[in-house]
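Chemist: Dropping the structure in here first, questions after.
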Amino acid sequence: MLRWSGTAFYMVSMILTTLNIFPLNLVFGFIGGFLWCLVGWISYNDKALVIVEAASAIIYLSGIVLWAIK
């Protein structure tokens, strides 16, 4: 369930980015990255997946924070 939810959030984020709907695209990307980070940690114990998805979530979160403080 987490895999499909994370994938759906990433897909919506990509669509929102294509449509230039900002910052909602960042919110969906953050949630997708966070969910996939959980999948890598809980389901697979895959350190590479955890690292890449945690980095993705942090990058998206940074964009959200920068948008919020402007």
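Chemist: What whole-number value in Å² describes the accessible area per residue of the chain for a 1.4 Å probe? Before the final figure, lay out the partial values.
Modeler: Details: 4860 Å² over 70 residues.
Dividing the accessible area of the chain by its residue count gives 69 Å².
Chemist: So, with a 1.4 angstrom probe, what is the percent of accessible area on the chain that is carbon and sulfur? Don't jump to the answer; show the numbers that get you there.
Modeler: Details: 3700 of 4860 Å².
Answer for the chain is 76 percent, counting heavy atoms of protein chains only.
Chemist: Once you place label points 7 Å from the Cα toward the Cβ at Lys70 and Ile58, how far apart are they in nm?
Modeler: Here the answer is 2.3 nm between the modelled labels.
Chemist: Could you work out how much longer the chain between Ile51 and Met14 gets when fully extended? Use 0.36 nm per residue separation minus the Cα distance between them, nm to one decimal.
Modeler: The Ile51-Met14 span can extend by a further 11.3 nm.
The values are calculated or read from the model by the stated rules, or taken from the named source; none is laboratory data. What you see is a predicted model; the values in this text were computed from it and never measured. Note that each Cβ is placed from the backbone with ideal geometry, even for glycine, and that neighbours are counted across all protein chains shown. For accessibility, only protein heavy atoms count, side chains too; no ligands or nucleic acids. Shrake-Rupley method; radii C 1.70, N 1.55, O 1.52, S 1.80 Å.
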